[in-house]
Every structure is written in C-alpha cells, then in structure tokens.
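The values are calculated or read from the model by the stated rules, or taken from the named source; none is laboratory data. The model shown is predicted, which means the values in this text are computed figures rather than measured ones. Methodologically, a virtual Cβ is constructed for each residue, glycine included, from the backbone with ideal geometry; neighbour enumeration extends over all protein chains shown.
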Amino acid sequence: MVRWEPDSRSRLLQAAMVLYGEQGFDRTTVAEIAERAGLTERTFFRHFTDKREVLFYGAQALQDLLVTTVVNAPASTTPIEAVTRALEAAGEMFGARREFSVQRQRIIDDSSELRERELIKLATLATALADALRQRGVTDPTAGLIGEVAIAIFKNAFERWVSTSEASDLGHMVREALEQVRDATAAP
C-alpha cells in the first residue's frame, strides 16, 4: 500500500515537464510520469485527467482571474479598460512562472495536438471574457468582439514574452500590444 506523499500534484507536474523535455510529449507515458514522481498512476489520475492536462491545469484559475477582474472593475471603467486590467492581472499571475511558461510553450509548439488544445483553451477564455462583459451590460456584438480582441492581445504578448531571452514583464507586453491595436485603429 502506497502511503500519502505531500505535494503530489507539484511532483507529478515537475516529473512530467522533465520527461516531456527529455523525450517529448508523445513518447512520454503516464506510467513514466508517475514513476519519476515516485507515485502511482492512480495518484496521477486523481490530479490530472490525462497527460495533456498537466500542461493546461491552470486554465480554470486563469479564467476565474480574468472574469473576476472584469466583473469587479469599477462601473466607470470602459469595456476595453476592464479587459486590460484582467490581462494585466494575468500577466502578474504568470510573471513568477516565466521559466515554466517558456518550457511549457516549447512543448506545446512541438505538438499539433497540444497546439489545438491551446487554441481551444484560448477560445474558451475569449468566450468567458465576453460573458463577463455582458454581465457588465456590454451588448453584442461588442462584448464578443472585445473578448476576442483581448485574447488576441494576450496571445501576442505571451508569445513575445516566452520567446525573448531577456527578463521582461508580461503585463508591460500586454499594454504594448494594446497600444499597437489602439494606434492601428486610431483615426489619422
């Protein structure tokens, strides 16, 4: 009988990331991840639905942060300002996890299956932002459009953030991307 081990999720996550880096996502099995972590496959499945979910397990926390920030923004805040605040909050959330984010993105970029899963997660976030804006009284098509634009801004900033070799601030990159959109859409 295996006894309880502290921090199982973190150990599984770390083992998976090492194995994905060493032998690739496709060639890594759940059994190998569990063994590397010193745990059982059963323990793995208590924490993750499958080996892909190791790379996406924080998606719900990110969605909750984005939605809460938009919904709780002051009433005088414009819709684009509300989503900007949410994206900046996400930048702070990711800021302490840059090394993990860089490694995670490399793994995702190497797998068409994972790239597809990433796009689905991003679409889900865009829908959640649009729904949060609707809660604030923003009507369609504006709510849907701003949700989509916000995720495009976040995706652009995140890709630049993980691809640069210098230490940078994701929130700053979000603001830069937003300014680029504003500049491109401003009247001459």
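Kindly provide the set of residues from segment 136-163 that are among the small types (G, A, S), under 17 Å from G95 (Cα atoms) and either surrounded by fewer than 15 Cβ atoms within 10 Å (Cβ to Cβ) or outside the structural domain of L119 (by TED's automatic domain parsing) (or both), ordered by number. Before the answer, list the steps.
First pass over segment 136-163, keeping only residues among the small types (G, A, S): 137, 143-144, 147, 150, 152, 157, 163.
Applying the additional criterion that residues be under 17 Å from G95 (Cα atoms) yields 157, 163.
Within segment 136-163, S163 is the sole residue that qualifies.
Does V162 satisfy the condition of being farther than 18 Å from T69 by Cβ, in a helix (DSSP H, G or I), among the β-branched types (V, I, T) and under 17 Å from the mean Cα position of the chain (by Cα)? Lay out the reasoning, then the answer.
Working: farther than 18 Å from T69 by Cβ: yes; in a helix (DSSP H, G or I): yes; among the β-branched types (V, I, T): yes; under 17 Å from the mean Cα position of the chain (by Cα): yes.
For V162, the condition - farther than 18 Å from T69 by Cβ, in a helix (DSSP H, G or I), among the β-branched types (V, I, T) and under 17 Å from the mean Cα position of the chain (by Cα) - is met.
Within segment 164-172, the presence of at least one residue that is assigned by TED's automatic domain parsing to the domain that holds N72, closer than 24 Å to Q105 by Cα and β-branched (V, I, T) is confirmed. In summary, T69 fulfils each of the numbered conditions (1) in the same structural domain as I108 (by TED's automatic domain parsing); (2) surrounded by fewer than 19 Cβ atoms within 10 Å (Cβ to Cβ); (3) modelled with pLDDT of 95 or more with the single exception of condition (2). Determine which member of the set A82, A123, A75 is assigned to a helix (DSSP H, G or I) and over 12 Å from the mean Cα position of the chain (by Cα). Only one candidate qualifies: A82. Scanning segment 81-121 for residues that are closer than 24 Å to R182 by Cα, touching a residue at least 24 places away in the same chain (Cβ under 8 Å) and surrounded by fewer than 17 Cβ atoms within 10 Å (Cβ to Cβ) turns up just one, E92.
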